[in-house]
Amino acid sequence: MNMKERIDRLIEEIRQASLEKSLDRMAAIEQFRIQYLGKKGVVNELFTEFKEVPNDQKKEIGVALNQLKNEAIKKIEEFRQFAEEHPAQLEARDLTMPVDYDEPGSRHVLSVVMNEITDIFSRIGYTVAESVEIEDDWHLFSALNFPPDHPARDMQDTFFVEKEEGRQEVALRTHTSSVQVRVMENNKPPIRIIAPGRVFRNEAISARAHCIFHQVEALYVDKHVTFADLKQTLLYFAKEMFGEQTQIRLRPSYFPFTEPSAEMDISCNICDGKGCNICKGTGWLEILGCGMVDPNVLEACGIDSKEYSGFALGMGVERMAMLKYQIRDLRLYFENDLRFLRQFEAIV
Ligand code: DAH
């Protein structure tokens, strides 16, 4: 590249130079000045080189060189004006400025309720167990005594993860009951755990259903655990969660992993059991599923069902929060609308 071309290129470079990305504009301007117009800067060096230029080219290159110098001077002027006109932005980009402290965040209402449930059980000796969200068929269904043709195993209800060559089929867990299996497989009774976590089901999103939600599972396995222990635990939980006046009732139900199985209702905390639109006039609210752990489940997990018995229960956190704080639409939990979230700031 000859000298003229180099100068032209430098002129172009100067024209394109910008302060936009500089954090400290004054320093950037000074650096620019030194680079082009400083003692050892680009322009001076070219003037030294200019002495060697053959006479017949002196005129053309001389003109170009002066233009380069003027472009640099003009640019610096432009930069200074820009910096003067945009002082606020200059400050905003100063990384040494003290942080503009915003209001602190708060816990999400689902975390608040999940922690509350966990706390209530931890007061009577339960410890938290956590496990994977992507589970295999054994921990989700087979070990929990689901028959092979159970609808929960259907694509309709369960998100299966694409199967890889030579690997067993896995799915997003549809309930936290899988944690029961993981715990029983790896621990000897007495077992007393509470398992809060996220679960996934293939459902259309509406005010009453979501494809991601949260459950809390509890499991107690020991010698001589009876249905009476379950009932007393449930009553304790209901009173702690919804208030001392709360009453409970158990209705027979069915789950593959418990025998007998039941569903627990609490007296409606909104109308005190008189009947309102929340409890649909019945005075009762359905709260959770529970039962005595089916001996098949104990055996599948390597626990002798003649020596040990246990109970399990599982509940939906979204529903608990809905009932406790009278939230009408499930979708509010996931929209992160600050007007909704801020209502729970005071609850820790
Ligand atoms: N896994 C059940 C569900 O997802 C909830 C449940 C019911 C859990 C009864 C239990 C139980 O531990 O005993 O709907």
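Across segment 120-130, computed HN-Hα scalar couplings (Karplus, 6.51 cos²θ - 1.76 cosθ + 1.60, θ = phi - 60°) run 4, 6, 5, 5, 10, x, 8, 10, 7, 10, 10 Hz from first to last residue, x flagging Gly and Pro.
R0 = 51 Å: FRET efficiency of ARG251 with VAL99, Cβ-based, nearest 0.05?
In this case the efficiency is close to 0.40.
In units of the rule-of-thumb radius 2.2 N^0.38 Å, the chain shows an alpha carbon radius of gyration of 1.75. Considering only Cα-Cα distances, which of the following residue pairs are longer than 18 Å: LYS231/LYS324; LYS4/LYS69; LYS188/LYS223; LYS231/LYS306; LYS231/LYS274; LYS39/LYS59? Pairs exceeding the cut-off: LYS231/LYS324; LYS231/LYS306; LYS231/LYS274; LYS39/LYS59. For segment 109-344, averaging the sequence separation of C-alpha pairs within contact (under 8 Å, six or more residues apart) and dividing by the residue count gives a relative contact order of 21 percent.
The angle separating the long axis of helix 25-37 from the principal Cα axis of greatest extent in the chain is about 40 degrees. Modelled spin labels at ALA204 and ASP56, positioned 7 Å past Cα toward Cβ, are 8.7 nm from each other.
The slack in the chain from ASN336 to ILE73, taken as 0.36 nm per residue of separation less the alpha-carbon distance, amounts to 89.4 nm. Local charge for MET1 was computed over the other residues whose Cβ lies under 10 Å away, with Lys and Arg +1 and Asp and Glu -1, and equals +1.
Do any GluC sites (Glu not before Pro) in segment 1-38 lie in a DSSP loop with no more than 12 other beta carbon atoms within 10 Å, and if so, which? When the GluC sites (Glu not before Pro) of segment 1-38 are filtered for loop state and at most 12 Cβ neighbours within 10 Å, GLU20 remain. By the Cβ distance rule (another cysteine Cβ under 4.7 Å), the unpaired cysteines of the chain are CYS211, CYS290, CYS301. Restricting to DSSP loop positions (anything but H, G, I, E, B) with no more than 12 other Cβ atoms inside 10 Å of their own Cβ, which chymotrypsin sites (Phe, Trp or Tyr not before Pro) remain in segment 98-201? Sites meeting the loop and neighbour criteria: TYR101.
For the options LEU330, LEU19, LEU235, a Gaussian network treatment of the chain with springs between C-alpha atoms closer than 10 Å singles out LEU19 as fluctuating the most. Ordering CYS211, PRO147, LEU323 by the projection of their Cα atoms onto the charge dipole of the chain, which places +1 on the Cβ of Lys and Arg and -1 on the Cβ of Asp and Glu, puts LEU323 at the extreme positive end.
Rule-based calculations on the coordinates, nothing more; no lab input. Model, not experiment: these values are computed from the prediction. In this analysis, Cβ positions are derived from the backbone assuming ideal geometry, glycine residues included, and neighbour counts consider all displayed protein chains.
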